[in-house]
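**Q** Before I ask anything, here is the structure I am working with.
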Amino acid sequence: AKAKAKVKPKSKASVSTKPVAAARDAKPTPLDDLRLVEGDERGNEEKSLKAELLVSKAEEKAIQQALKLIKKYKGTAMEAELQFRLAELYMRKSKTDRFFEVHRESETVVNLAPRVVREASIKRTVQNAVDTYALLQSRFPGFAQMDLVVFNHAFARQILAQDKEAEALYWQLVKKFAKSPLVPDAHLALGEIVFTRAQFPAALEHFNAIKSYPNSRVYPYGLYKAAWTYYNMREAQKGLKKLEEVVAYGRYVVERKLEARLDLRKEALNDMTLFYEDVAPSKDAYAYFKAQAAELEVGPILLKMGSLYERHSRFADQRVVLDRFIVELPNSPLLPK
């Protein structure tokens, strides 16, 4: 939390007591009981539980209402949209179930809501979503948002560790809905699936495919993942070039104030040290990272570079980088380190 600046008043007469009085007279709201208090671990856990119970109750009520509406409008033009909303509700509820599953070891949570904690199941809730998405695809192939249905269905399958089924659905999206804005997201998911199987050339094809969608939210992720794929293919130089593209894109985002786009410069600069060690001399490290970091702080990057050299017993290279650090950044707060 950001600390509020304290402004000293010029005179007592200039200070109004109205805001203070208003704050004192403000009536408490139900949300006040859910606000977390620093240092009160047990109390905060109880408040988090209360919040999740409220959400869970609302979600269950919404699901039951959706099921009633589906029964009422079964066979009409409204059913497909209702089935889609039901699937979304199941996916939303799975997040609440995750809270209860994660806190099954918490004595506080178990004592206060034993039945809810015991019955919560991410797997069951996501499976309900999967069944609903599958029904939509089977019975309503002409549904207006079918590309979203297919993508969400694939994502739900991934949560259940059904990667083969998820992969088939992502491919269906890419091939059947080529103009969908979700195609780059599907390529990213496909690339990550085959990456985990160490099928790096196939992964690289998917990550590089995202370059055709520069306006996509996942565009920098495609570059970033491609860099690591090259590194795993023992092509660190190509990987480093990809990370340079990530940095350049981040700078582009900041310069044009594109708040909806991702700036992955810090992550890329951090990883660059590992790639750089494999392909470039230590004597050029300062100039290289200074140019890449631009207005960002270069000190932490150079320290990591030095640590990498030390870890790999390249002590002469470590001294080169740290000596240059001392000369070039004499006012850095990291200098003592």
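**Q** Take residue 328 and residue 315, extend 7 Å from each Cα along the Cα→Cβ direction, and tell me the distance between the two endpoints in nm.
**A** 2.4
**Q** Enumerate by residue number the trypsin sites (Lys or Arg not before Pro) in the range 219-308 meeting two conditions: DSSP loop (anything except H, G, I, E, B), and at most 13 other Cβ atoms within 10 Å of the site's Cβ.
**A** Sparse-neighbourhood loop trypsin sites (Lys or Arg not before Pro): 234, 256, 257.
**Q** For the range 222-227, just list the computed ³J(HN,Hα) in residue order, Karplus coefficients 6.51, -1.76 and 1.60, θ = phi - 60°, integers in Hz, with x standing in for Gly and Pro.
**A** x, 4, 5, 5, 4, 4
**Q** If the convex hull of the alpha-carbon atoms of the range 210-337 is projected onto planes in all directions, what is the mean projected area in square nanometres?
**A** For the range 210-337, averaging the hull's shadow over all directions gives 8.2 nm².
**Q** Give, in whole angstrom and from largest to smallest, the semi-axes √(5λ) of the equivalent ellipsoid of the range 145-188, with λ running over the eigenvalues of the Cα gyration tensor.
**A** Equivalent ellipsoid of the range 145-188: 17, 10, 8 Å, largest first.
**Q** Tell me, what HN-Hα J-couplings in whole Hz come from the Karplus equation 6.51 cos²θ - 1.76 cosθ + 1.60 at θ = phi - 60° for each residue of the range 79-91, using x for Gly and Pro?
**A** Couplings: 4, 4, 5, 5, 5, 5, 5, 5, 4, 4, 5, 4, 5 Hz.
**Q** Counting other Cβ atoms within 10 Å of each Cβ, which trypsin sites (Lys or Arg not before Pro) in the range 154-188 have at most 16 and sit in a DSSP loop?
**A** 179
**Q** Same structure, new question: Between residue 270 and residue 76, what is 0.36 nm times their sequence separation minus the Cα-Cα distance? Round to one decimal in nm.
**A** My answer for the length gained is 64.3 nm.
**Q** Collect residues whose amide H, placed 1.01 Å from N in the peptide plane, falls under 5 Å from the amide H of residue 264; neighbours closer than 5 in sequence don't count.
**A** 250
Just so you know, all these numbers are worked out from the coordinates, no wet-lab data involved. Computed from a predicted model, the values in this text were never measured in an experiment. In this analysis, Cβ positions are derived from the backbone assuming ideal geometry, glycine residues included, and neighbour counts consider all displayed protein chains.
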